[in-house]
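For reference, the structure is listed below as structure tokens.
The values are calculated or read from the model by the stated rules, or taken from the named source; none is laboratory data. Fair warning: this is a prediction, and the values are worked out from it, not measured in the lab. Cβ: placed from backbone, ideal geometry, glycine included. Neighbour counts: every protein chain shown.
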Amino acid sequence: MFFSNISIAEKYDYLEEKFRAAYKWLAETDIKSLPEGFYPILGKQVVASVQEYTTEPKETRYFETHKLYFDIQYMVTGDEMFGVCKSDGLVLREAVEANDVYFYEEPELSGEVLLREGDLIVVAPEDAHKPRCAAGAPAAVKKVVVKVAL
């Protein structure tokens, strides 16, 4: 999925070497057998974080952005609702600059994407996203978040 505004649609090359390396790693790696942790794909430019957790009600989660990285969020097992909206106009709740994560108050309007096993979504720095939301009842999932440096 590519989610953008036409005014910045050509700002990034979603098929440049860093993205191709990430997609190749996701397609060719036996992620189901990997333990949680960080896995370098292309030095510090592209790093995968394998995560296992239980999804939560969306009311307990916050929208977030990152300034230094794209996220490629890939569902290994399980289902997750993934909130999406533009970050323009959002009210900052908390900045954790050391981790390059910025949390926001809930916007009046936003959308959701259902991510299932094998699905991925690419989130640019301008895109606010709310991961880890339950698709129905909270459930265990395994996911990879690939960080792609700008």
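Counting only strands (runs of 3 or more DSSP E) that fall entirely inside the range 55-150 and contain at least 2 residues that are polar (S, T, N, Q) and out of contact with any Cys (no Cβ under 9 Å at 6 or more places or on another chain), the qualifying elements are 69-77.
Here is a yes/no grid of residues against (1) of a type in the set (Phe, Trp, Tyr); (2) out of contact with any Lys or Arg (no Cβ under 8 Å at 6 or more places or on another chain):
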| residue | (1), (2) |
| --- | --- |
| Ala9 | no, yes |
| Arg20 | no, yes |
| Val50 | no, no |
| Phe63 | yes, no |
| Val76 | no, no |
| Met81 | no, no |
| Cys85 | no, yes |
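Here Ala95 clears all of (1) at positive phi; (2) over 13 Å from the mean Cα position of the chain (by Cα) except the condition numbered (1).
Of everything in the range 17-47 that's of a type outside the set (Val, Ile, Thr), within 28 Å of Glu112 (Cβ to Cβ) and assigned to a loop (DSSP other than H, G, I, E, B), which residue is nearest to the chain's Cα centre (by Cα)? Checking each candidate, the answer is Glu36. Of the residues contained in the range 48-62, none is found to be at positive phi and either in contact (Cβ under 8 Å) with a residue 24 or more places away in the chain or surrounded by fewer than 13 Cβ atoms within 10 Å (Cβ to Cβ) (or both). A single entry from Ala139, Ala135, Ala124 fulfils the requirement of being surrounded by fewer than 18 Cβ atoms within 10 Å (Cβ to Cβ), of a type in the set (Gly, Ala, Ser) and in contact (Cβ under 8 Å) with a residue 60 or more places away in the chain: Ala139. Within the range 124-145, the residues that satisfy the criterion of being under 10 Å from the mean Cα position of the chain (by Cα) and either closer than 18 Å to Ile31 by Cβ or at pLDDT 95 or above (or both) are Ala128, His129, Lys130, Pro131, Arg132, Lys143, Val144, Val145. From the list Tyr69, Tyr39, Tyr23, the one residue that fits, being surrounded by 13 or more Cβ atoms within 10 Å (Cβ to Cβ) and at pLDDT below 95, is Tyr23. Annotation: Leu34 fulfils all but one of (1) under 26 Å from Ala139 (Cα atoms); (2) touching a residue at least 40 places away in the same chain (Cβ under 8 Å); (3) out of contact with any Phe, Trp or Tyr (no Cβ under 7 Å at 6 or more places or on another chain); the unmet one is (2). Here Val50 fulfils each of the conditions (1) in contact with an Asp or Glu (Cβ under 6 Å, 6 or more places away or on another chain); (2) assigned to a helix (DSSP H, G or I) apart from (2).
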